[in-house]
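Structure first, commentary second.
The values are calculated or read from the model by the stated rules, or taken from the named source; none is laboratory data. The model shown is predicted, which means the values in this text are computed figures rather than measured ones. A quick note on method: Cβ atoms are made from the backbone with ideal geometry, for glycine too, and the neighbour counts reach across all protein chains shown. When the accessible area is computed, the model is the full protein with side chains, heavy atoms only, and any ligands, DNA or RNA have been set aside. Shrake-Rupley method; radii C 1.70, N 1.55, O 1.52, S 1.80 Å.
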Amino acid sequence: LNTVRPEYLLSFSDYNKFIKTNPLQGDLKQKTLERIFPYLSTESWITLFYQVLKIYYLNRVTPKSFKNLPGMPPHEATVETYMQGSNLYSVSETILLKWMQFHYN
């Protein structure tokens, strides 16, 4: 989570207190900060929740559990070998993409 700064997880009033105690962090003007802080905070919280889900939930999605899902035909419940070796998606993410693709079509 190197993109999430812990101070962006604070409320705006707490963030202002933090800035006052650490003047080196406050390089933005107050008006600019009021405008962009909600976006920075929301992005930080979403990134944090995504990482929590990825760590604690996605590791439970396995090829074996994918094959045992009801409603998935056996020939569709396989993960292609070229996707298993992906350096972009994990095997669990690939399985979820395959499941979403099947139910979308």
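A few comments on the model shown:
- Verdict on K64 being without any contact (Cβ under 8 Å) to a residue 40 or more places away in the chain and over 25 Å from L1 (Cβ atoms): yes
- Among the residues making up region 1-49, those that are within 30 Å of T94 (Cβ to Cβ) and open to solvent by 100 Å² or more (accessible area, probe 1.4 Å) are L1, N2, T3, E43, I46, F49.
- The set of residues in region 67-101 being closer than 30 Å to R5 by Cα and not hydrophobic (A, V, I, L, M, F, W, C) consists of S86, N87, Y89, S90, S92, E93, T94.
- In the set T62, T21, T42, T3, only one residue is of a type in the set (V, I, T) and more than 30 Å from W99 (Cβ to Cβ); that residue is T21.
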